[in-house]
Every structure is written in C-alpha cells, then in structure tokens.
1. When you go through Y18, Y5, Y13, Y51 one by one, which is the residue that is part of a loop (DSSP other than H, G, I, E, B) and aromatic (F, W, Y)?
2. Name the residue that is farthest from N84 (Cα to Cα), counting only residues in segment 21-43 that are assigned to a helix (DSSP H, G or I) and either among the polar types (S, T, N, Q) or touching a Pro at 6+ places or on another chain (Cβ under 8 Å) (or both).
3. Is there a residue in segment 56-78 that is among the charged types (D, E, K, R) and either touching a residue at least 60 places away in the same chain (Cβ under 8 Å) or in contact with a helix residue (DSSP H, G or I) (Cβ under 6 Å, 6 or more places away or on another chain) (or both)?
4. Give me the pairs: first residue in segment 81-95 and assigned to a helix (DSSP H, G or I), second residue of a type in the set (A, V, I, L, M) and modelled with pLDDT of 95 or more, beta-carbon distance under 6 Å, and six or more apart or on different chains, which are they?
5. Of the residues that make up segment 2-20, is at least one among the aliphatic types (A, V, I, L, M), farther than 19 Å from H72 by Cα and in contact with a Phe, Trp or Tyr (Cβ under 8 Å, 6 or more places away or on another chain)?
6. Limited to segment 64-95, what total is found for residues that are among the β-branched types (V, I, T), at pLDDT 95 or above and either surrounded by 13 or more Cβ atoms within 10 Å (Cβ to Cβ) or over 22 Å from N23 (Cβ atoms) (or both)?
7. Can you tell me which residues in segment 13-29 are over 18 Å from T67 (Cβ atoms) and in contact (Cβ under 8 Å) with a residue 40 or more places away in the chain?
8. Given the options T41, T67, name the one that is within 17 Å of G15 (Cβ to Cβ) and out of contact with any Cys (no Cβ under 8 Å at 6 or more places or on another chain).
Amino acid sequence: MSEFYVYILASRYRGTMYVGITNDLSRRMGEHKSGAVPGFTKRYQVNRLVYCEPYASIDEARTREHTLKRWHRDWKFKLIEANNPDWRDLTPDIV
C-alpha cells in the first residue's frame with residue numbers, strides 16, 4: 001500500500017508558502033531543493049519543508065491538499081506552528 005503526503009513549503013519564517021502532494025516525499029524535496037522543476041517554488045525559492053501529513057490514499061491526500069490550498073495564510077501559520085513552532089526545515093528528518 002502506497003503512502004501519500006500533503007506538504008507545506010515555505011521560503012522563510014512566515015514567508016511565501018506552497019502546498020503540494022507527493023507519493024515520495026524524499027524525492028520530491030530533492031527536486032524542490034535542487035530547483036529541478038521550473039515554476040513557482042523555483043522562482044520564489046520556496047524549498048523549506050515546514051509541515052507534512054501522511055495519507056493512505058491519493059483521494060484523501062488530494063482532498064486535504066485542495067482544502068489547505070484554500071485556507072487563509074493565518075490558518076496555515078497556526079497549523080505549522082502547532083507542529084513546528086520554529087519553522088525548522090524538516091527535510092533532514094525524512095531523507
């Protein structure tokens with residue numbers, strides 16, 4: 001059974017944020033960190049993993065991703081800070 005992740009990246013403490021989904025968080029973070037994928041995260045240097053949630057199914061993960069993408073910034077700040085108050089880059093924990 002595959003596992004899927006909904007994750008939030010930030011450029012810095014309370015900076016620009018990006019909500020994404022993947023089935024391989026380690027690989028995906030490597031792509032974000034290296035700037036391998038052109039687009040928003042590369043352009044704005046949004047590559048600090050500050051939050052993630054595992055899901056058993058792609059449908060659950062997509063639903064959660066869609067919900068988080070519609071949240072206000074302050075709601076995302078509260079979610080992140082409840083789990084990662086220092087906005088530490090969590091990438092080393094998953095690699």
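1. Y13
2. By that ranking, first place goes to S34.
3. yes
4. Pairs found: T91/M29; T91/L49; I94/L25.
5. no
6. The total comes to 2.
7. Y13, R14, L25, S26, M29
8. Residue meeting the stated conditions: T41.
The values are calculated or read from the model by the stated rules, or taken from the named source; none is laboratory data. This is a predicted model, so every value here is computed, not measured. Positions of Cβ are generated from backbone atoms using ideal geometry, with glycine treated the same way; all protein chains shown enter the neighbour counts.
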